[in-house]
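This report concerns only the one structure given below.
Bear in mind these aren't lab numbers, they're just calculated from the coordinates by the rules spelled out. Please read all numbers here as calculations on a predicted model, not as lab measurements. Note: ideal-geometry Cβ built from the backbone for every residue, glycine included; neighbour counts use all protein chains shown.
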Amino acid sequence: MERQQDYVLRTVEERGVRLIRLWFTDVLGQLKSVAISPAELENAFDEGMHFDGSAIDGFSRVQESDVLAKPDPNTFELLPWGDREDVSARMFCDILNHDGTPFEGDPRQVLKRNLDRAREKGFSFMVAPEMEFFYFEDGDPSHLPRPLDSGSYFDLTTADVASDLRKRTLQVLEAMGIPVEYSFHEDAPSQHEIDLRYTDALSMADNVMTFRLVVREIALEQGAYATFMPKPLAGVQGSGMHTHMSLFEGDRNAFHEPGDQYGLSKVARGFIAGLLHHAGEITAVTNQIVNSYKRLIVGYEAPVYVTWARNNRSALVRVPVTKRGKESSTRIEYRAPDPACNPYLAFSVILAAGLRGIEGGYELPSESSTNVFEMTPEERAAEGIQPLPQSLSDALDLMEESELVAEALGEHIFEWFLRNKRAEWFAYKSQVTQFELDRYLPNL
């Protein structure tokens, strides 16, 4: 750590960095930032920077407001925008109490605690999310969103603004040390996907936060607007954050078993079974806003039922086919999360559910080999197939009863999250929408 701090201090001096932005997130996953000068950097490493936590959603109560932001030197990157005379950099921070202990309201500390628990069992947690989003002409909510293109899945739209936006975004991501695996036009008009390359879950959560900022910043540079709202347009598919994952024991993929008919180890089977068993409980965290549940409906390629399969995209958990000779890349794909989630908390509850399945020896149910959407309710009931929560309210009811989620998030965040999201649901439920006026006012 000291060596990395020395590298940061030296780079700041050599590159003429004028501002260092210290980044952290609130409980809902909103990026926060405080800027310091190079003269304050060494003190920030040694002691942390004081700030009033009561001003941040989900952090401290007023009577216990002061917390410390301690920058993580491993996350240091120069920001690739601005001119050469105004060089700035960023680092993610851990939030600490005054005695140096991890602050319970810090989502990054929550993920670190869950990763430590996995590490005690010999596992490291690797993830790779597929980030979907929309480009629109602007972000004005007074009118329907206006897409920049009418492309579809994998369309090569070389002459449009959106292609240039995506190309520029990829360049900035690479400049910030965030490797990209794939990039392409998604199924809906003006919808795009950028898949981030596999890495450890903590680095990936930091990368997701950076990714969302970069996508928005580049869009604004070009006079457009990017959104990670899960379902901004009716009648087309929404944006998901399908997350590929695996556990490693050292350099060995703990999910792979050569002799198994599916290539899955006992660890992988337990992990999948844990995800399926606890899926309903964790959905409020992986899909945390009212709009998230407009995406999780039949007909738009999003998961609706709690099933697993190898090559069946109607399943909640999918086991992608492994390329011959690359069996060590065995992974599973959890398809419920959307890009509006807090990645630190989402990865935490996903990991907790998977570990519980391993520890408890959960039995993996039969693979769903048919399209679940085409089954009748009676057929699904006969096979014990349950739906995911159909609204934020339903998801919160399941979360509130979940000992697993309470333990994964910690009491502070668990209780605040429930209060905040209950208030969001009440605010939504109290609205009279245009749909209701159109449907009922002329006839009743």
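Points worth noting:
- Rounded if a/c under 1.5, otherwise prolate or oblate - the chain, Cα gyration tensor axes: rounded
- Taking each DSSP H run with n ≥ 4 as -39500 (n - 2.57) and averaging over every residue of the chain yields -11500 deg cm²/dmol at 222 nm.
- Vicinal HN-Hα couplings computed from phi for segment 191-201 (Karplus, 6.51 cos²θ - 1.76 cosθ + 1.60; Hz; Gly/Pro x): 9, 10, 9, 10, 9, 8, 6, 2, 7, 5, 5
- Cross-link reach is defined here as a Cα-Cα straight distance under 29 Å, omitting same-chain residues fewer than 8 places apart; for Lys231 the lysines meeting it are Lys32, Lys167, Lys294, Lys421, Lys429.
- Derived scalar couplings between HN and Hα for segment 292-304 equal 4, 8, 6, 7, 7, 10, 5, x, 10, 6, 8, x, 10 Hz in order, rounded to whole Hz, by the Karplus curve 6.51 cos²θ - 1.76 cosθ + 1.60 (θ = phi - 60°), x for Gly and Pro.
- By other beta-carbon atoms within 10 Å, ranking Asp99, Asp94, Asp206 with the fewest at the front produces Asp99, Asp94, Asp206.
- For the chain, with +1 on Lys and Arg beta carbons and -1 on Asp and Glu, the positive-most of Ser163, Leu111, Leu96 along the dipole: Ser163
- Gyration tensor (alpha-carbon) shape descriptor, segment 290-360, a/c threshold 1.5: oblate
- Sorting Val306, Val34 by the number of Cβ atoms found within 10 Å of their own Cβ, with the fewest placed first, yields Val34, Val306.
- The length gained on full extension between Asp138 and Thr11, counted as 0.36 nm times the residue separation minus their Cα-Cα distance, comes to 42.0 nm.
- Centroid-to-centroid, using Cα positions, segment 276-334 and segment 74-112 are 31 Å apart.
- When you filter the trypsin sites (Lys or Arg not before Pro) in segment 178-255 for DSSP loop state and at most 12 other Cβ atoms inside 10 Å of their Cβ, you are left with Arg197.
- Tensor-based shape of segment 328-399 (alpha-carbon gyration tensor, a/c under 1.5 rounded, otherwise prolate or oblate): oblate
- Loop-located chymotrypsin sites (Phe, Trp or Tyr not before Pro) in segment 72-143 (DSSP state not H, G, I, E or B) with no more than 14 neighbouring Cβ atoms inside 10 Å: Trp81.
- Residues Glu378, Glu130, ranked from the fewest to the most other C-beta atoms within 10 Å, line up as Glu378, Glu130.
- GluC sites (Glu not before Pro) within segment 227-314: DSSP coil, no more than 11 neighbouring Cβ in 10 Å: none
- Were the residues from Glu40 through Ser124 laid out at 0.36 nm apart, the gain over their Cα-Cα distance would be 26.8 nm.
- Amide proton proximity set for His256, modelled H, under 5 Å, gap of 5+: Ser265
- Rounded to the nearest 20, the Cβ-based charge dipole of the chain about its Cα centre (Lys and Arg +1, Asp and Glu -1) stands at 780 debye.
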